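One structure below.
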Amino acid sequence: MCCLTLLICCAAYSMAQNASPYVINATNKPYLLRSFLMFEGKKRTHVISVGTPEKVNYAYDLKQGALLEVWRGGFIDATEMWKDRGEPQLAKPLGTVLTLSAAPALAALADKDAAWPDSIAFDDLQNKGYVLDKSKMPTFLYTANGADVTDKIAVLNGGTALSRTISISNSKQPLYCRVAVGPSIEAHKNNTYTVGDKAYTLKLADGTKPFIRKTQNGKELLVLLNTTDSLTYSLNW
Amino acid sequence: MKKSTYLLSLLLLGTGLVTVKAQTQTEKQIYPIVTVPIPKEIALEVGGMTFLPNDELAVATRKGEVWMITNPYMKNGQQPKYRLFAHGMHEILGLNYIKGDIYLTQRAEITRLRDLDGDGEADEYRTMYSWPLSGNYHEYAYGPILDKDGNMVVTLNLGWIGYGASLSKWHGWMLKFTPDFKLKPFATGFRSPAALALNSDGEIFYAENQGDWVGSGSITHVEEGDFVGNPAGLIWADEPGSPVKLHKKDIPDTGEPEFEVAKRVPGLKTPSVWIPHSIMGNSTSGILNYSDNGNMGPFKGQLFVGDQSKSNINRVFLEKVKGVYQGVVFPFRRGFSSGILRMNWGSDGSMLVGMTSRGWSSTGKAEYGLQRLTWSGIMPFEVQTVKAQPDGFELEFTMPVDEKTARDAGTYRLSTFTYKYHHIYGSPVINQSARSIKAIVVSPDHKRVRLVLDSLKEGYIHEIKMEGLRAENSNIPLLHDYGYYTLNKIPDGEKITLTAENKPTGNAQAAHHMEGMDHQQMGNMPAAGGVVKGNTDVGKHVTQQPEIWTKGPDKTIVLGTKPGLKFDMTNIILKAGTKVKLTFNNVDDMLHNFVLTTPGSGNAVGEMALKMGLNGEKYDFVPSTPKVLAYTVLLQPGKSDTIYFTVPKTPGTYPFICTYPGHYMVMKGQIKVIK
């Protein structure tokens, strides 16, 4: 923890003095960075991290369509990428991360009780990159399960929360979206849910009809999407 | 007193020589280098470069940015302007403007960048094709270039786990992509294919770096289904779409020359032109075809090949004999500021040279750089082409040669050699032998000289040195008087009949010159120090504990390496006279040794090792000099060597270095000897 604090101090300092060439912070617009990233003990190779001026940051696995983790504060320490040869090629988030999931956000399930897949095979998801909006925030594009998918993750209200909108089109079948997974999920009014001992809160757009289901390890919050459909929710932690 | 008189006369003699050589050409005079200034806040570690139609230079960096540079020529005395176009990509090592769009390769993919809203910054980062990665740092990706049929071409580096390995699909391969980005695996056997380009025939050539299964750097013509040498990529040969039919078990690991193995392993493609390691280059990394866009003197249609480690550019002339490309490499220009990775033609015919040295040291000391190579318009006196003949070579010159020196056998020195083909990193020079000249014919216009040799050795590299040759009238020596011809095929045709008329004048240089040839010369620079011989004093490499050390060593040291050419200890303090057992573990991905020198001699010993030429590796790059006190052998990655030595009695600071060419400037430490 001490070490982490020190890094954040360095980060703040670096913005003023440019002392460390390896600490990256988004100053007046978002900074997007492709890298390897350690997640749940595994090196992920097709990851993009997004840092914002509001200091709300996240990491996203482009080959799973998965929002891996979110954190507030400093953005990234790229020392292990940019110092010498950068052998680990690992970006390190400069903050306490809230771990979400490396599993794909979307899946075609045989029925509503079928288990959620841990991953999607490399060749079954074609990542198409991303486009930036006026504020330079990305919308990720991919095709999977025959559907064209856009996944826009933006900052809400000056940094109070992240907003995510997943849209699918041309799907041959309805797809499920797993909005959350955790040891526990509690429903509240206004389509709001708390996950895992209130680690974070989700608010789904009005009219969205999610359902909670039990799994061996806990609970999942799912939404069924039509062949052309979209889903918006916010994430606050 | 007598001694100083002698010295004085030597000095006078030296002055005399300078006067005689007053007209000697220099690289600097003929090919000036102009540094393009880079703003302080930009780390322009060049990974890719391309010009846009509006003459902006787009430069991609290893930190994932794309910069747009206007006026890199500094026309009208104006400074170039830099604008950040895109950022955040993963170690970009190739950038190209193709069919109206900017394409690049980052580690995981080919990306297309577009500025949709016209604000001068990319806002669409489109993944055109994505390949798997294992997470190994060595899985670099290069390209794309456009082939003559409209496909894009990329190459993928092998991973490194103590040896080259294809840890994820298509690493170690050259891949083609159709205009709608369907993948076509094209060829394999690649190790570290840092550059690819088309020659003037539209054929694909790639640059390879020395390593396992690669005795020396080279450039190689790549055709569909080729296997170019490193077997790691063959694990994907059975994948759908693979045009390669070989398997790892088909590749013998005997240490025979690669061309010999290729005779019985159909599909194994040998280099078109070897670029002899440590003499011509250490890290082949950029290829630029001398097209009509360039203005570099009389070498149109040839290839310029950059070197990351030596910060130099070589020049390659290719010809096709019996359907196979082969040719000669000559030095062209050295002295760039950092490690050369990319070269492009500017709109004025100058060559933009983009550089980086982070993690991979280079002769040019800067961490990164952008320079512009220009031609003064002065005609260099150079060997323009070398063409294989049934009985020797025909050398064509950029200006008429002096007939007297051209006809003199003593002007030339020729030899042949090759490398081992094996899983071991690099290779010593093997099967080296001198060639003698049987006839010399000078063309009537004095621009061509035909050398008839005692024999040609098919498959071998032919070293051609011409120190004594002079230009007609001006009497100047060649700007570069040596080159290396890779003779893949001996052409058919008429041989020259030996006559009294074409019999060489003068005496051939004796064969004993072969040992320790002085390859240190780049251009016609003075041969400072002459030949450097290899160490033969076994007392400096003691691998058994001396019997008189009855109580064993006083101190045991285990030294290792760190990535980026470093020892893991750089300051060791020892008492004078300490008996030391030192184990050096090379855990890096390159060859290294440990050489302990006398105080203040680190750089001098490193420089001497550079001058050992073709024989360097045979002697572990340890020069014969009293400045060397103790050393380990040259270690393969993952290997170690233990030596015993006694710390000198005189207190002081004793440098230790790695003398592998190019390493000593950064890979060093010191033993501080105290009383």
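FYI, it's all coordinate maths here, none of it is from the lab. Quantities reported herein were computed from a predicted structural model and do not represent experimental measurements. Here the Cβ is made from the backbone with ideal geometry for all residues, glycine too, and neighbour counts use every protein chain on show.
What is the sum of charges, Lys and Arg at +1 and Asp and Glu at -1, for the other residues whose Cβ falls under 14 Å from the Cβ of B:Pro243? Computed value for this residue: -1. Please identify every one of the GluC sites (Glu not before Pro) in region A:35-104 that sits in a loop by DSSP and has no more than 16 other beta carbons within 10 Å of its own beta carbon. Those that pass, being in a loop and sparsely packed, are A:Glu40, A:Glu54. How large is Rg over Rh for the protein assembly as shown, taking Rg from the Cα atoms and Rh as the Kirkwood inverse mean of 1/r across Cα pairs? On the Cα set of the protein assembly as shown, Rg over Rh gives 1.02. Centroid-to-centroid, using Cα positions, region A:166-237 and region B:315-329 are 64 Å apart.
The translational diffusion coefficient of chain A, from Stokes-Einstein at 20 °C and 1.002 mPa s with a Kirkwood hydrodynamic radius over alpha carbon pairs, comes to 116 µm²/s. Across region B:27-373, C-alpha contacts under 8 Å between residues 6 or more apart give a mean separation that, scaled by the residue count, equals a relative contact order of 14 percent. Between B:Val265 and B:Asn507, the simple label model (points 7 Å from Cα in the Cβ direction) yields a spacing of 4.6 nm. With contacts taken as Cα pairs under 8 Å at a separation of at least 6 residues, region B:538-674 carries a relative contact order of 35 percent. Projecting the Cα atoms of A:Gln126, B:Leu104, B:Ala165 onto the charge dipole of the protein assembly as shown, computed from C-beta unit charges around the Cα centre, puts B:Ala165 farthest toward the positive end. So how far, in whole Å, is the C-alpha centre of region B:412-489 from the one of region B:225-248? Cα centroid to Cα centroid, the span is 35 Å.
Sites listed here are trypsin sites (Lys or Arg not before Pro) in region B:118-214 whose DSSP assignment is loop and whose Cβ has at most 11 other Cβ atoms within 10 Å: B:Lys148, B:Lys182. The alpha-carbon of A:Lys172 sits under 17 angstrom from the alpha-carbons of these aspartates and glutamates, leaving out residues fewer than 8 places away in its chain: A:Asp111, A:Asp124, A:Asp148, A:Asp229. Projecting label points 7 angstrom from Cα along Cα→Cβ for A:Met38 and A:Ser119 puts them 1.8 nm apart. For the protein assembly as shown, a crude dipole built from +1 on the beta carbon of Lys and Arg and -1 on the beta carbon of Asp and Glu, taken about the Cα centre, is about 2240 debye to the nearest 20.
If you run the Gaussian network model on chain A, springs between alpha carbon atoms under 10 Å, then out of A:Phe211, A:Phe140, A:Phe36 the most flexible one is A:Phe211. Please tell me which of these pairs span more than 21 angstrom C-alpha to C-alpha: B:Lys555/B:Lys672; B:Lys269/B:Lys438; B:Lys566/B:Lys649; B:Lys269/B:Lys420; A:Lys55/B:Lys81; B:Lys579/B:Lys672? Going by Cα-Cα distance, B:Lys269/B:Lys438; B:Lys566/B:Lys649; A:Lys55/B:Lys81 fall outside the 21 Å limit. For B:Ser455, the amide hydrogen comes within under 5 Å of the amide hydrogens of B:Ser436, counting only partners 5 or more places away or on other chains and with H modelled in the peptide plane. Summing charges over neighbours of B:Leu133, with a neighbour being any other residue whose Cβ is under 15 Å away from its Cβ, gives +1 when K and R count +1 and D and E count -1.
Put simply, the amide H of B:Val587, placed in the peptide plane, has neighbours under 5 Å in B:Thr561, B:Gly638, leaving out anything fewer than 5 places away on its chain. The residue list B:Asn293, B:Ile42, B:Tyr31 was ranked by how far each Cα lies along the charge dipole of region B:27-373 toward its positive end, using unit charges on Cβ atoms, and B:Tyr31 comes out on top. Name the residues of region A:158-197 whose amide N is less than 19 Å from a point 7 angstrom out from the Cα of A:Leu224 along the C-beta direction? A:167-180, by backbone N distance to the label point.
Scoring B:40-46, B:193-199, B:112-118, A:130-136 by mean Cβ neighbours within 10 Å over their residues and listing the highest first yields B:193-199, B:40-46, A:130-136, B:112-118.
Net length available on complete extension from B:Ser436 to B:Ser347 is 27.5 nm, with 0.36 nm assigned per residue and the Cα-Cα distance removed. Dividing the mean sequence gap of close Cα pairs (under 8 Å, 6+ apart) by how many residues region B:124-253 holds gives a relative contact order of 20 percent. Reducing region A:112-149 and region B:618-635 to their Cα centroids gives an inter-centroid distance of 57 Å. Classify region A:103-237: rounded, prolate or oblate, from the alpha-carbon gyration tensor (a ≥ b ≥ c, eigenvalue square roots; a/c under 1.5 rounded; otherwise prolate if a/b is larger than b/c)? Cα axes put region A:103-237 in the oblate bin. Calculate the translational D of region B:383-514 in whole µm² s⁻¹ from Stokes-Einstein, where the hydrodynamic radius comes from the Kirkwood formula applied to all Cα pairs, the temperature is 10 °C and the viscosity 1.306 mPa s. This corresponds to a translational diffusion coefficient of 104 µm²/s. About the centre of its Cα atoms, region B:530-623 shows a dipole size close to 280 debye [charges on the beta carbon of Lys, Arg (+1) and Asp, Glu (-1) only; nearest 20 debye]. Once the Cβ-Cβ distance of A:Thr160 and A:Ile212 is raised to the sixth power relative to R0 = 30 Å, the FRET efficiency obtained is 0.75. Once the Cα atoms are used to define both axes, helix A:2-17 deviates from the longest principal axis of chain A by about 70 degrees. Determine the sum of side-chain charges near B:Phe332: Lys and Arg each +1, Asp and Glu each -1, restricted to other residues whose C-beta is under 9 angstrom from that of B:Phe332. Local net charge: +1.
Relative to the Cα centre, the charge distribution of chain A, modelled as +1 at Lys and Arg Cβ and -1 at Asp and Glu Cβ, gives a dipole magnitude of about 340 debye.
With a Förster radius of 60 Å applied to the beta-carbon distance between B:Leu116 and B:Glu394, the computed FRET efficiency rounds to 0.60.
Simple rule: put +1 on each Lys or Arg Cβ and -1 on each Asp or Glu Cβ in the protein assembly as shown, find the dipole, and look at B:Asn151, B:Ile643, B:Pro491; the Cα lying farthest toward the positive end is B:Ile643. Averaged over peptide B:117-124, the number of partner chain Cβ atoms lying within 10 Å of each residue's Cβ comes to 3.
Counted residue by residue at 0.36 nm each, then reduced by the alpha carbon distance between them, the extension gain from B:Glu403 to B:Asn473 reaches 24.2 nm. With the simple model of a label 7 Å out from the Cα in the direction of the Cβ, B:Ile378 to B:Lys551 spans 6.6 nm.
The mean count of C-beta atoms from other chains within 10 Å of the C-beta of residues in B:130-143, rounded to a whole number, is 4. For B:Val34 and A:Asp133, what does the FRET efficiency come to when R0 = 35 Å and r is the distance between their Cβ atoms, rounded to the nearest 0.05? The value I calculate is 0.25. Per-residue shielding of A:82-93, expressed as the average number of other chain Cβ atoms within 10 Å of the residue Cβ, stands at 5.
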